[in-house]
1. Once the piece of chain linking W104 and L314 is laid out straight, how much longer is it, given 0.36 nm per residue of separation minus the C-alpha distance between them?
2. What is the mean projected area of the alpha carbon convex hull for segment 29-81, to one decimal in square nanometres?
3. Can you check what the net charge comes to around G73, using other residues whose Cβ is under 14 Å from the Cβ of G73 (Lys, Arg +1; Asp, Glu -1)?
4. At 0.36 nm per residue, minus the direct Cα-Cα distance, what do R404 and R15 gain on full extension? Give it in nm, one decimal, please.
5. When only alpha-carbon atoms count, how far does segment 1-114 stretch along each of its three principal axes, as whole angstroms with the largest first?
6. Which one, V336, V13, G353, projects farthest toward the positive side of the charge dipole computed for the chain from Cβ point charges (K/R +1, D/E -1)?
7. In nm², what is the average projected area of the convex hull enclosing the Cα atoms of the chain?
8. Dipole magnitude of the chain about its Cα centre, charges +1 at Lys/Arg Cβ and -1 at Asp/Glu Cβ only, in debye to the nearest 20?
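The numbers here are math on the coordinates, done by the rules we state, and not lab data. Because the structure is predicted, anything quoted here is derived from the model rather than measured. Note that we place each Cβ from the backbone using ideal geometry, even for glycine, and neighbour counts take in every protein chain shown.
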Amino acid sequence: MDEPSGAHDPYAVLRNPDYRWFIVSMGLITLGLQMQGLVVAWQVYDRTGDPLALGLIGLSEALPFLLVALFGGHAADRLNRARLCMASTLGLAFCSALLVLFTWRSMGGPLAKAVAPMYGIIFLTGIVRAFYRPANVALGTDLLPKELYASGSTWRVSVFHAGMVVGPAMGGLVYAWRGPLVAHLLVMGLLLSGFLGLLLIRYVPRPVRPREGSIFASLGEGLRFVFSQRLLLGAISLDLFAVLFGGAVAVLPVFAKEILKTGPQGLGALRAAPAIGSVLMGLTMAHLPPMRRAGRTLLLCVASFGVAMIAFALSRSFLLSLLLLAASGAVDNVSVVLRSTLLQMVTPAHMLGRVSSVNQVFIGSSNEIGAFESGAAARLLGLVPSVVFGGCMTLVVVAFTTWRVPELRRMDRIG
């Protein structure tokens with residue numbers, strides 16, 4: 001960092017009232033979805049006792065997302081991005097309402113152990129997310145001038161992870177106190193509140209460029225752009241494989257119940273710990289000027305994430321496990337901010353939706369496919385060996401990326 005502290009205003013983006021409503025809305029939606037993720041995971045594991053069933057939750061959401069995401073990016077570049085965010089948020093609230101209905105109907109009787117309808121609802125959620133995510137990224141970028149992209153990314157990621165702190169904790173506490181039905185009702189209320197926040201944004205749509213060729217030509221343009229940008233492709237690929245192999249979120253219910261001997265409250269704390277570390281790191285980064293030696297920092301942070309996952313797998317202390325997960329969230333925040341800023345800086349405004357959707361195919365789906373990989377690996381290798389293996393694979397990915405994309409290692413300032 002070589003700029004004087006007085007040259008950097010960490011709160012400039014928050015003085016933009018439309019961006020404030022944007023991150024408030026995003027925070028509420030994230031809070032609801034993270035809470036929903038914990039409640040569904042605990043419901044499924046409580047009904048099945050099978051770690052593979054937890055992995056199938058991620059697969060149920062990832063498959064439709066992969067199939068539809070590029071079309072969601074095309075829509076974000078052709079339609080009013082604010083309205084698309086609103087429509088997809090209502091879609092997420094509808095999926096939440098279906099979970100409320102199913103949970104109510106399965107409180108007893110023949111459906112008491114059923115999980116298949118929950119997979120179907122999560123499948124539908126994956127389709128809706130494929131339209132929400134690229135529209136959300138593009139809308140947030142449209143609301144800021146280019147010189148504030150890095151600061152905006154830092155605050156957006158921090159608010160996102162703040163939702164990840166509170167959401168799982170709330171989910172675990174409400175589940176333990178009032179049960180899954182009340183928890184799902186609260187999720188639906190949070191998603192509808194996020195929709196109301198979007199209504200308060202004064203958004204002037206960008207001029208839409210004349211359509212050239214078919215929708216598939218448009219999708220191909222976005223793909224070609226990403227694959228032509230070696231720095232961007234290297235950063236995206238690095239995060240994809242790190243999340244695919246290194247994450248352990250999907251099997252946290254098993255760690256909570258079988259190894260650390262805690263209930264849904266403890267699971268909520270474990271799910272929240274990475275986000276706590278991320279928020280603390282995000283607040284620190286927000287008050288610092290643009291980062292130098294960004295490429296080397298990105299590689300070191302992803303490697304540190306892998307090491308933290310290995311140590312977490314070997315821990316038998318609840319407190320130590322929380323600290324390790326918090327550390328993993330802190331280094332992950334740095335890599336997410338750097339990658340998000342790079343994407344915004346190199347992508348033309350009229351392609352931001354499509355490029356964001358390609359990024360989400362790589363990164364967003366890797367979370368859900370990684371959840372399936374975690375569940376399947378836990379079944380095949382055992383719980384602890386599977387997470388150790390994933391952390392080691394993350395280190396291998398960092399070494400390979402350093403070798404194959406040397407310009408990423410040499411990348412200096414990006415924002």
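1. 71.7 nm
2. Projected area, direction-averaged: 4.5 nm².
3. Counting the neighbours of G73, the net charge comes to +4.
4. 135.9 nm
5. For segment 1-114, the Cα extents along the three principal axes come out at 64, 35, 25 Å.
6. G353
7. So the Cα hull casts an average projection of 18.9 nm².
8. Taking the Cα centre of the chain as origin, the dipole is about 280 debye.
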